[in-house]
There are 2 protein chains.
Amino acid sequence: MAPVSSGSGKSLSELFMQSALEAINDAGVGSLDGVYVGNMMSGFLQHQEHLGALMATALGQEGVPTYKVEGACASGGVAVNAGVKSVLSGLEDIVLVAGVEKMSGYSTPEVTTGLMMAEDRLRVGATGITFVGLNAMIARAYMHKYKIPHEAIAQFPVLCHKNALDNPKAQFHKKISVDDVLNSPLVADPLRLFDCSGIGDGSAALVLAPLDVANKYTDTPVKVAASAVASDALSLYQRPDVTVFEASRKASERAYAIAHKKPEDVNVLEVHDAFSVLGVMALEDLGFARKGEGSALVKDGVCERDGRLPTNTFGGLKARGHPVGTSGVYQVAEVALQLTNRAEKCQVTSPSVGLSQSVGGIGGTIAVHILERTK
Amino acid sequence: MAPVSSGSGKSLSELFMQSALEAINDAGVGSLDGVYVGNMMSGFLQHQEHLGALMATALGQEGVPTYKVEGACASGGVAVNAGVKSVLSGLEDIVLVAGVEKMSGYSTPEVTTGLMMAEDRLRVGATGITFVGLNAMIARAYMHKYKIPHEAIAQFPVLCHKNALDNPKAQFHKKISVDDVLNSPLVADPLRLFDCSGIGDGSAALVLAPLDVANKYTDTPVKVAASAVASDALSLYQRPDVTVFEASRKASERAYAIAHKKPEDVNVLEVHDAFSVLGVMALEDLGFARKGEGSALVKDGVCERDGRLPTNTFGGLKARGHPVGTSGVYQVAEVALQLTNRAEKCQVTSPSVGLSQSVGGIGGTIAVHILERTK
């Protein structure tokens, strides 16, 4: 993983190389059989596409099958899914999946327009609402329906900022309180600055292989027990209830079935808390709490690193950072480090099953991965 | 397939629906297990990403796994590869793959900048050279190295324009001669207007399934005998010989091996003739002629619909049209129609094996598919 930064000054290729070389060296593999790149905004912000061949060339691995995979803010998550399928297909053995995104160095209107590419430009973008605005509508509806005060959902970013203090690659190293969240500048009512993830550059990468191949390179491979993607009607106006991400339910139900696991088997969790309310909703939609009861888990300490369900143990999107097309890969990498006891100061005690959830748009695409330690 | 048009007036969703509904109705399938969308330029031109969920929603198939796949002008070809892997992975049975691209309605500088997203923006785009300019350098080097006159490579677009006369969905219905090509306006020396594919909107779609599932829906499924993607060093300056597309060689060699076929088994061929010289080079790099001898095949009538190797039977990129992220899907759809004797006026006599080649950038990514009739 590259450090997340809002002023990296690095190009897309340079960001990619930071994580790709680290992943390849860590895995101890030589040549690759495929390279898959998750990214959302490079066409719009950098006027650069063809990231597959660009990055494979940068790596000196030109020749391999390669392409870019995009699913808005879940681009990293769906890229992992594409990589898993490449291995499962039998066509490729050793596959690199990397997310890369460069969002800093652009004006706020540019980045805001870029983020709204996740929504239907002609029917929703045309109204002028921003991506934060859409999430604010979700937050308002959620708080109203379940009678949850802002204080309750504000606990989520507080948890993430605390965890990020121990992650040297996190974008923000700043302890915050619930009061800090509630008193931070308003972005889109009711969401305030500390309810929202920031703008950053970053890159994260993984090496995937069939288990028998992985066993040749390491004594402690992490098993991808399930990789599932689901979608939902793209826009809020098309959904009966905006306080649920149906794609989160569908993808996680499918993942639990494939992995033969239940929510109670999960002992490390990375969820897509681009906005505070999404972190709380994720706990519910993934099966860890009933609707309206997600924030109670946070309040009761269940999501702390020493709790029953350690969540966003490296700081999550809020504090590790959210370079949009990368977050899904950061999450899987973080879970893998946890399961191999290499999470250093972020380590939780001997987790055996981890789950990550990556959200595209306002829940239009959701990727869920379940990882399992092998020994 | 939607008709290719430079003035469709349609949105991305409308273009997508034209081909997706036709493919679904033709296949006779109800619900889908996955939707994969090939597209290159929507982020830059339409400020729209998240095409997977956008299109699945438009289809009323929200819920399914879905994402966008991008590999520059080979986006359609690599999307087919992603769809094939989704089926091979065992995770999904009935999968829709669609290419969609909208290029009309924008200024020439906008589209020119968009096409250069296929190249390294920082090292090559920054010089000011256009995408046609890069291909002109290839044409000049090719003509010089193999002592091939422009007249010889100009035969390729002449063939394509002739074939497109019989394709009601082709962008251009205009018979041209070698003299017409040589006397058309200069675009980038030596390439002239009729050496170059045009700007257009379009969409093409396929339904993929495991053979046993496909057999429930049709008596004449077409077998995907191989799907292979290869890459090359992205930029011309990084390659020892710009008159060969190594990725074309690699992808086709792999595809022949997987399909247990040789070039001489192929009896219908769709190649990526975005520029006349690329059509000629494809004949060589895919193994149908030695280097420098591709144009002789065209001259000798081998590539005619009644020849030994019918090529670009619906008009190819030059005359059927080249909405960049779609062409790889049009090609596979056209080969499938040929193999099931449904190509109407474009039909060649009883082909049993077809090959398509989709090129991203100036050969940085190449997808090759080999299809086979099943009865």
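The values are calculated or read from the model by the stated rules, or taken from the named source; none is laboratory data. Note that the coordinates shown come from a computational prediction; the quantities given were computed from them, not determined experimentally. All Cβ positions, even for glycine, are placed from backbone atoms using ideal geometry, and neighbour counts span all protein chains on display. In case anyone asks, the SASA skips ligands and DNA or RNA and just uses the protein heavy atoms, side chains included. Shrake-Rupley method; radii C 1.70, N 1.55, O 1.52, S 1.80 Å.
General remarks:
- Search result, residues across segment A:76-94 that are under 27 Å from A:D273 (Cα atoms), open to solvent by less than 10 Å² (accessible area, probe 1.4 Å) and within 8 Å of chain B (Cβ to nearest Cβ): A:V78, A:N81, A:A82, A:K85
- Residue within segment B:136-154 that is touching a strand residue (DSSP E or B) at 6+ places or on another chain (Cβ under 6 Å) and more than 19 Å from B:E270 (Cα to Cα) present: yes
- Checking each residue in segment B:1-27 for being open to solvent by less than 50 Å² (accessible area, probe 1.4 Å) and in a loop (DSSP other than H, G, I, E, B) picks out B:M1, B:A2, B:V4, B:S8, B:S11.
- Checking segment B:35-52 against the condition returns a match, with at least one residue being aromatic (F, W, Y) and touching a His at 6+ places or on another chain (Cβ under 7 Å).
- Cβ-Cβ under 6 Å pairs, at least 6 apart or on other chains, segment B:84-105 side free of Cβ contacts under 8 Å to residues at least 40 places away in the same chain, far side surrounded by 24 or more Cβ atoms within 10 Å (Cβ to Cβ): B:S89/A:K85
- Residues located in segment A:51-66, provided they are under 19 Å from A:Q18 (Cα atoms) and not aliphatic (A, V, I, L, M): A:G52, A:T57, A:G60, A:Q61, A:E62, A:T66
- Between B:A136, B:A228, B:A247, B:A204, the distinction of being part of a helix (DSSP H, G or I) and either open to solvent by 30 Å² or more (accessible area, probe 1.4 Å) or in contact with a Ser or Thr (Cβ under 8 Å, 6 or more places away or on another chain) (or both) belongs to B:A247 only.
- Number of positions in segment B:105-120 that are in contact with an Asp or Glu (Cβ under 9 Å, 6 or more places away or on another chain) and open to solvent by 50 Å² or more (accessible area, probe 1.4 Å): 1
- Taking (1) open to solvent by 30 Å² or more (accessible area, probe 1.4 Å); (2) of a type outside the set (D, E); (3) in a helix (DSSP H, G or I) in turn, A:H161 satisfies each apart from (1).
- Condition broken by A:E14, with the remaining ones in (1) in contact (Cβ under 8 Å) with a residue 60 or more places away in the chain; (2) closer than 19 Å to B:G125 by Cα; (3) within 11 Å of chain B (Cβ to nearest Cβ) satisfied: (1)
- Filter pass, A:A204 being free of Cβ contacts under 8 Å to residues at least 60 places away in the same chain and in contact with a Gly (Cβ under 6 Å, 6 or more places away or on another chain): no
- Segment B:46-75 - residue that is out of contact with any strand residue (DSSP E or B) (no Cβ under 9 Å at 6 or more places or on another chain) and touching a residue at least 12 places away in the same chain (Cβ under 8 Å) and, of those, farthest from B:S107 (Cα to Cα): B:A58
Let's see how each residue does on (1) open to solvent by 10 Å² or more (accessible area, probe 1.4 Å); (2) without any contact (Cβ under 8 Å) to a residue 60 or more places away in the chain:
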| site | (1), (2) |
| --- | --- |
| A:S276 | no, no |
| A:L283 | no, yes |
| A:G301 | yes, yes |
| A:T311 | no, no |
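- Residue match in segment A:143-163 (condition: at pLDDT 95 or above, of a type outside the set (A, V, I, L, M, F, W, C) and in contact with a Leu (Cβ under 9 Å, 6 or more places away or on another chain)): yes
- Positions within segment A:313-346 being free of Cβ contacts under 8 Å to residues at least 24 places away in the same chain and of a type outside the set (K, R), in sequence order: A:L337, A:N341
- A:E101 meets the conditions (1) of a type outside the set (A, V, I, L, M, F, W, C); (2) more than 7 Å from every other protein chain (Cβ to nearest Cβ); (3) surrounded by fewer than 23 Cβ atoms within 10 Å (Cβ to Cβ) in every case but one. The failed one is (3).
- Strands (runs of 3 or more DSSP E) fully within segment A:261-375 counting 1 or more residues that are of a type in the set (D, E, K, R): A:268-270, A:365-373
- Taking segment A:38-63 as the range and being among the hydrophobic types (A, V, I, L, M, F, W, C), closer than 13 Å to B:L234 by Cβ and open to solvent by 10 Å² or more (accessible area, probe 1.4 Å) as the test, the residues that pass are A:L54, A:A58, A:L59.
- Hits in segment B:207-247 - residues which are in contact with a Gly (Cβ under 7 Å, 6 or more places away or on another chain) and under 18 Å from B:C73 (Cα atoms): B:A230, B:S231, B:D232, B:L234, B:F245, B:A247
- Test for A:A209: is it over 15 Å from the mean Cα position of the chain (by Cα), away from every other protein chain (no Cβ under 14 Å), farther than 29 Å from A:I138 by Cβ and crowded, with 20+ Cβ neighbours inside 10 Å: yes
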